[in-house]
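These notes concern the structure reproduced below.
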Amino acid sequence: MAVPRAKELINEPSCGHKQKDKAACRKAPEPGSSSGGCAFDGATIALVPIADAAHLVHGPIACWGNAWGSRNSLSSGPSLYRTAFTTDLSENDIVMGGEEKLFRAILEIAGRYSPKALFVYLTCVPASTGEDIESVCKKASRKTGLPVIPVMAPGFVGSKVLGTRVAGDTLLRRVIGTREPKETTPFDIALIGEYNVSGELWDILPVFTKLGIRVLSKITGDGRFEEVATAHRAKLSVLICSNALINLAGGLEERYGIPFVEGSFFGLKETNGLLLRIVERLGDAALIEKTRAFTQAMTSQTLQTLEPIRKRLFGKRAVLYTGGVKSWSVISALKDLGMEVIATSTRKSTEQDIAKAKELLGDRGVLLTRASGGELLELVRTRGADMLIAGGRNQYVALKSRIPFLDVNQERMRGYAGYKGLIRLAKDVDRALANPVWRLVLEPAPWEAAVAGELAAEV
Ligand code: SF4
């Protein structure tokens, strides 16, 4: 079985990965990878934050166990999305077929939990035995009266990026346009690729409210099914740090004539730049003027708050190891804090991302395509870095080597987006560097000091 349109989704024309080497899109799947790897994982990353929907995984229980627990995507209301529903296919189901079990599971969830919709995720095993989950979903939808949406991204079809793209395609083809908003405004936008990790969205939404811009659809952090379904009425979509969902932004443009802008909310310069790009595309002169004044006021207010921390962080050097848009947007945020980034990773980055990262790093900066823990440590030592800023996977690589560390990936516990997020980032970097533990662990242990003393006495 193959994912319909998989080839087209890999070759998405708006994707900035080089056509000859679309490494992030084409990367071979990594079955069993515990924190990210397969297409199914990528699809859940994009869809599970829809908080009032039920998310049912049709497959062995281990698929669900792999994927979702470590992500910190928050909801301000329903918590149904946090319940991991699975058909838990066993050997018997594989031999006898699991379609009936899937049908019964959908009816049970609909009856017991009253979700606004059900997303049913196909995984490798039922895809290999050729189960027709689309027909099961149709039948169950007729019976329950709920939208029951198949997500055709079994792990073996490709990478996490491809899975996210399948999720975007699923929203475009099966969800968006199925509901109408109660009202529309001239400044309705859809936020795409913002997953509300550690509540980051809640630092951004008040900014839009102050400017008079309405976020009609949150896709999908702290999202609700109905609002996602109304995205076709947005005047503009804003694609945040997510090249993987560019097919959704492109699709909205193609189908409904909704233009899109891309950007990031990491750092002052990027936040201000993105806000101005948004209002310029919305095209209202008064709104543009208001946004200019607002960004200037917020810049001086934020810099004032940051002043004492920036003095301490000035000139500190970091190695950054994260992927995609974060490869440059976090550099920009760290530079806002007066720090120097000496290396960044370009994994999953597009050509535009790499060019931006190069420009921000300067001539002496190092671009890493892939580096092992040992190579990262070597770089920290040889280039005199003060800390490593990366994802959770590298946390213990740094800590065991007594190097200050900060997690900026999806497992992070605090939001770093927007003006408030930058202040939080500054505080966390400052705390990581100033932690008294570094002084203690870098001193010789008492027994080492004693041995050194004895040796000296013998001499
Ligand atoms: S979908 Fe396939 S590759 Fe992904 S976790 Fe399940 S079995 Fe593994």
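The values are calculated or read from the model by the stated rules, or taken from the named source; none is laboratory data. Keep in mind that this is a model prediction, so the values were computed, not measured. Cβ coordinates were reconstructed from backbone atoms using ideal geometry, including for glycine residues, and neighbour counts include every protein chain displayed.
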Notebook entry, point to check: List, please: which pairs have Cβ atoms under 6 Å, are six or more places apart or on different chains, and start with a residue in the range 227-239 that is under 11 Å from Ile258 (Cβ atoms) and in a helix (DSSP H, G or I) and end with one that is at pLDDT 95 or above and aromatic (Phe, Trp, Tyr)?
Noted result: His232/Tyr256
Next item on the list: Answer yes if at least one residue in the range 203-214 is out of contact with any Ser or Thr (no Cβ under 8 Å at 6 or more places or on another chain), surrounded by fewer than 23 Cβ atoms within 10 Å (Cβ to Cβ), in contact (Cβ under 8 Å) with a residue 60 or more places away in the chain and polar (S, T, N, Q), and no otherwise.
Entry: no
Notebook entry, point to check: Name the pairs whose Cβ atoms lie under 6 Å apart, with the first residue in the range 45-67 and of a type in the set (Phe, Trp, Tyr), the second away from the ligand (no atom under 12 Å from the Cβ), and 6 or more positions between them or separate chains?
Noted result: Trp64/Ala84
Check: If Gly315 satisfies every condition in (1) without any contact (Cβ under 8 Å) to a residue 40 or more places away in the chain; (2) under 30 Å from Ser372 (Cβ atoms); (3) touching a helix residue (DSSP H, G or I) at 6+ places or on another chain (Cβ under 7 Å) but one, which is the exception?
Finding: (3)
Checklist line | Test: residue in the range 138-147 that is closer than 12 Å to Val57 by Cα and not basic (Lys, Arg) | finding: no
Notebook entry, point to check: When the residues of the range 105-131 are filtered to those that are charged (D, E, K, R) and surrounded by 13 or more Cβ atoms within 10 Å (Cβ to Cβ), which remaining residue is nearest to the ligand (Cβ to nearest atom)?
Noted result: Glu131
Note to self: Need the failing condition index for Ile403 against (1) assigned to a loop (DSSP other than H, G, I, E, B); (2) touching a residue at least 40 places away in the same chain (Cβ under 8 Å); (3) farther than 30 Å from Gln296 by Cβ, just the number.
What the structure shows: (2)
Margin query: Looking at the structure I just gave you, is Lys143 over 21 Å from Leu172 (Cα atoms), more than 13 Å from the ligand (Cβ to nearest atom) and either free of Cβ contacts under 8 Å to residues at least 40 places away in the same chain or in contact with a strand residue (DSSP E or B) (Cβ under 9 Å, 6 or more places away or on another chain) (or both)?
Written below: yes
Next item on the list: Could you pull out the residue among Val120, Val136 that is in the same structural domain as Ala39 (by TED's automatic domain parsing), in a strand (DSSP E or B), in contact with a helix residue (DSSP H, G or I) (Cβ under 8 Å, 6 or more places away or on another chain) and in contact (Cβ under 8 Å) with a residue 24 or more places away in the chain?
Entry: Val120
Check: Looking at Ala417, Ala426, which is the one that is outside the structural domain of Ile240 (by TED's automatic domain parsing) and closer than 23 Å to Ile45 by Cβ?
Finding: Ala417
Check: Would you say Leu320 is part of a strand (DSSP E or B) and closer than 28 Å to Val197 by Cβ?
Finding: yes
Check: Has the range 292-305 got any residue that is under 14 Å from Val238 (Cα atoms) and either under 28 Å from the mean Cα position of the chain (by Cα) or surrounded by 16 or more Cβ atoms within 10 Å (Cβ to Cβ) (or both)?
Finding: no
